Amino acid sequence: MSRPMPHRLLSGVAVVALLLSLAPGVAHAAAPEASAPPGSAPLTVDPCAAPAGAGQYGDSTGTASVTVSAVTPDCRRTYVLTSSLVASRTFTEQPGEPVLRTGSALLDGLYAMALDDARLDSADSVTNSAYNGGAAMDCTNAGTGCYLTGELWTYIWTRDVSYAADLGLSAIDPERMRNTLLFKLSDRRDGSGDTQILQDTGTGGSYPNSTDRVSWALGASEILAWLPDDERAAFAATAYEALKNTIEQDRQAVFDSRTGLYTGESSFLDWREQTYPSWVKSDVVQIAESETLSTNGAHWAAIDAAARLAQASGKTTAAARYQQWADALASAIRDRFWLSDKGQFSAFLPTTL
């Protein structure tokens, strides 16, 4: 039997499904008569009525189908996913968690699978052979653990957790998501402080070849919207300190004053063979010195977040400084990456230009 597909926080299915958690079609498993949010269209799908037959999907890579195999008295479904690429998988909606009811077994089932992935990736410690001699490292805080990157990735990767937090996972478990992001902050080893965001390696190398650690700001900004009131201020202060120090370091190390942009490998998309032209893949210097749309967008998000956090805490001078940097970067992104003849943005600017 083939191995089941490894769950991972930042999978396309999980991201799409978790985004839907805020849509009007989402009901609560313990409340079959859930009403629609004010101002939205009424819910028309009975949460206890299971779709007949299997939901089907197919493309050039293979086929998949999702069926509902059982429904509990409180309307929670058990789904079975069958794929031509991996072994079948069974998962059940859990009490207290949101459920999706669209009339499609495929879409509803993929949403349930995303939440199942999140449960499987929940842990109280992380491991990585490169750190702490391979021994487990605690990631709990106030009795809540963290999210692993995935079944085969038992550590926490900055970009994965940050995008997952921004794209929907914060709404499911804000405290666990916060702990996961906090794990990716570190002071200097000499004890001098200077808390910064950790940069993971990329296909072109780690810092300063990869500079997308600033994507952390996307997750941090989203978490602040979901944390309980009594926990928000402490995280906001920590986030500001980490963002401020990271931004100032990046300004010295990877900011190109000639272009007004930041250098570094592209973010969100993986593997240089898939993201860059063929002549770049064997020369990581070209990757490190290029300027990419995605990573510069992440730098803008970090600087903008720092400006907002500074303003909220009364640091008006710092707020003005970072707002000016953010506005200038936004202008540089528009000016440098926009292809007027194509009507769209370029993914990256090579060093040959």
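The values are calculated or read from the model by the stated rules, or taken from the named source; none is laboratory data. Quick caveat: nothing in here was measured; it's all calculated off a predicted structure. Here the Cβ is made from the backbone with ideal geometry for all residues, glycine too, and neighbour counts use every protein chain on show. What goes into the accessible areas is simple: the full protein's heavy atoms, side chains included, and nothing from ligands, DNA or RNA. Shrake-Rupley method; radii C 1.70, N 1.55, O 1.52, S 1.80 Å.
Just one residue in the set P6, P51, P47 is modelled with pLDDT under 85 and more than 24 Å from A164 (Cβ to Cβ); that residue is P47. Do you know which of the residues in region 210-250 that are free of Cβ contacts under 8 Å to residues at least 24 places away in the same chain and under 21 Å from the mean Cα position of the chain (by Cα) is farthest from V284 (Cα to Cα)? The extreme case among them is R232.
Quick check on my filter: what residues within region 75-106 are among the acidic types (D, E) and farther than 18 Å from P51 by Cα? Talk me through it step by step, then tell me what you get.
First pass over region 75-106, keeping only residues among the acidic types (D, E): 93, 97.
Residue satisfying the conditions is E97 alone.
What residue, among those in region 181-240 that are of a type in the set (D, E) and in contact with a helix residue (DSSP H, G or I) (Cβ under 8 Å, 6 or more places away or on another chain), is modelled with the lowest pLDDT? Across region 181-240, the extreme among qualifying residues is D200. Applying the selection to region 88-138, what residues are surrounded by fewer than 21 Cβ atoms within 10 Å (Cβ to Cβ), touching a Cys at 6+ places or on another chain (Cβ under 8 Å) and not small (G, A, S)? If the condition is that a residue be surrounded by fewer than 21 Cβ atoms within 10 Å (Cβ to Cβ), touching a Cys at 6+ places or on another chain (Cβ under 8 Å) and not small (G, A, S), then D124 is the only one that fits. Any residue in region 251-268 that is part of a helix (DSSP H, G or I), over 22 Å from I197 (Cα atoms), in contact (Cβ under 8 Å) with a residue 40 or more places away in the chain and β-branched (V, I, T)? No, because not a single residue in region 251-268 is part of a helix (DSSP H, G or I), over 22 Å from I197 (Cα atoms), in contact (Cβ under 8 Å) with a residue 40 or more places away in the chain and β-branched (V, I, T).
When residues of region 250-302 are filtered for being acidic (D, E) and either closer than 27 Å to S221 by Cβ or buried (at least 23 other Cβ atoms within 10 Å of the Cβ) (or both), how many remain?
Total meeting the criteria: 5.
The residue that is most open to solvent (accessible area, probe 1.4 Å), counting only those in region 303-353 that are under 26 Å from K281 (Cβ atoms) and in a loop (DSSP other than H, G, I, E, B), is L353.
Where the second residue is surrounded by 16 or more Cβ atoms within 10 Å (Cβ to Cβ) and among the polar types (S, T, N, Q) and the first is over 14 Å from R119 (Cβ atoms) and lies in region 73-102, which pairs have Cβ atoms under 6 Å and are six or more apart or on separate chains? Listed pairs, sorted by first residue: V80/T67; T82/S65. The residues of region 167-203 that are touching an Asp or Glu at 6+ places or on another chain (Cβ under 6 Å) and surrounded by 21 or more Cβ atoms within 10 Å (Cβ to Cβ), listed by number, are S170, G202.
All but one of (1) open to solvent by 30 Å² or more (accessible area, probe 1.4 Å); (2) of a type in the set (S, T, Y); (3) within 24 Å of S125 (Cα to Cα) hold for Y207; state the number of the condition that does not hold. Exception for Y207: condition (3).
Tell me which residues, restricted to region 54-71, are part of a loop (DSSP other than H, G, I, E, B) and either loosely packed, with under 13 Cβ neighbours inside 10 Å or modelled with pLDDT of 95 or more (or both).
Result: S60, T61.
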